[in-house]
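Right, one structure below, let's go through it.
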């Protein structure tokens, strides 16, 4: 596990559990993302010593810029923020417990990047990737905006999805029978190069790299190799966009799964009571 990548083994599980975790990693983990963007319209004066006047306009429609800003990963501390519509402090009006405000003030000619978003207040809320291009400004063009980020999940919009490339596979199990004559066909045909000749046997160097393609099985003239996936063990991997660390995403996913299973158990108990 690294800051933005994770690869883990699920043991004593089944496809139902593995797929439930996959779906939660994609759709249920909340993260911060820009939801509202306020554009300043009209003329913008230059900085001190700059006598030029800039027009608040860009080559792109405001809607496109707002959409691009919404897809910028925003650092998220789930222990600090509440969902805006569930915030008891402001009753959904927006406050420091449920929103983060960013300002952006750039004058052309230049390229506006995600790193030009400046958090109002806490500098810990600076965006995760600062080199995402937003728009190019030409001479005498300017962009002055205020953007508000809030918590959400990808069930409402993909910009609130903290993970990508989420998938799992059965844990490989490779067996080489005694009738193997070490012809080497399986070694040369293996697309991930995980087979090697070791002494008088064919050995597997890194079984987790096996893709279960069965090319080695088809290449073996003696039918001495068996490749299968274990039905109770899986390899799950995913990346994050930087709004949450890979470890935090996993912890939050497991927490959500426990709550979901608890709700199902409660519903079943209620049904049993009603039937009596």
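No lab work stands behind these numbers, since they all come straight from the coordinates. Every value quoted in this text rests on a predicted model; they were computed, and no experiment measured them. Note: ideal-geometry Cβ built from the backbone for every residue, glycine included; neighbour counts use all protein chains shown.
Would you mind ranking 110, 190 by Cβ crowding within 10 Å, fewest neighbours first?
Ascending number of Cβ neighbours within 10 Å: 110, 190.
What is the Cα radius of gyration of the chain over 2.2 N^0.38 Å, N being its residue count?
The chain yields a ratio of 1.43.
Which value in deg cm²/dmol, rounded to the nearest 500, describes the helix-derived mean residue ellipticity at 222 nm for the chain, given -39,500 (n - 2.57) per DSSP H run of n ≥ 4 and division by the residue count?
Taking each H run of at least 4 residues, the total per residue is -7000 deg cm²/dmol.
Where in the range 84-104 is the amide nitrogen less than 17 Å from a point lying 7 Å along the Cα-to-Cβ axis of residue 62?
The answer is 102-104, whose backbone nitrogens lie closer than 17 Å to the label point.
Report, to the nearest 10°, how far helix 15-27 tilts away from the longest principal axis of the Cα atoms in the chain, using its own Cα long axis and a range of 0 to 90°.
With both axes taken from Cα atoms, the answer is about 20 degrees.
Please arrange 205, 240, 153 by counting, for each residue, the other beta carbons lying within 10 Å of its beta carbon, fewest first.
205, 153, 240
Using alpha carbons only, how many angstrom separate the centre of the range 209-247 from the centre of the range 70-129?
Between the Cα centres of the range 209-247 and the range 70-129 lies a distance of 39 Å.
What does the extension gain come out to for residue 232 and residue 185, with contour length at 0.36 nm per residue minus their alpha carbon separation?
Residue separation times 0.36 nm, minus the Cα-Cα distance, leaves 13.9 nm.
Looking only at 171, 54, 81, which one moves most when the chain is put into a Gaussian network model with springs between Cα atoms under 10 Å?
54
Would you mind getting the Kirkwood hydrodynamic radius of the range 55-103 from its Cα pairs, rounded to one decimal in Å?
The answer is 13.0 Å.
Where Rh is the Kirkwood radius over the Cα pairs of the range 30-160, the temperature 4 °C and the viscosity 1.567 mPa s, what D in µm²/s does Stokes-Einstein return? Kindly include the intermediate steps, with their values, before the conclusion.
Details: Rh = 15.4 Å.
It comes out at roughly 84 µm²/s.
When the chain is fully extended, how far beyond the present Cα-Cα distance does residue 39 get from residue 269, taking 0.36 nm per residue of separation? Walk me through the numbers on the way to the answer.
Numbers: separation 230, 0.36 × 230 = 82.80 nm, distance 5.24 nm.
Length gained between residue 39 and residue 269: 77.6 nm.
Stokes-Einstein at 4 °C, 1.567 mPa s, Kirkwood radius from Cα pairs: D for the range 92-190 in µm² s⁻¹?
Value of D from the Cα-based Kirkwood radius: 70 µm²/s.
Taking all pairs of distinct Cα atoms, average 1/r, flip it, and tell me the Kirkwood hydrodynamic radius of the range 143-276 in Å to one decimal place.
Its Kirkwood hydrodynamic radius stands at 19.5 Å.
Does the range 145-220 classify as rounded, prolate or oblate by the C-alpha gyration tensor (a ≥ b ≥ c root eigenvalues; a/c under 1.5 gives rounded; else a/b over b/c gives prolate, otherwise oblate)?
Prolate is the answer for the range 145-220, as a/c is 1.5 or above and a/b outweighs b/c.
Give the order of 120, 217, 268 when sorted by the count of other beta carbons within 10 angstrom, beginning with the fewest.
Ordered from fewest to most neighbouring Cβ atoms within 10 Å, 120, 217, 268 come out as 268, 120, 217.
Using a Förster distance of 45 angstrom, determine the FRET efficiency expected from the C-beta separation of residue 175 and residue 155, and round it to 0.05.
0.55
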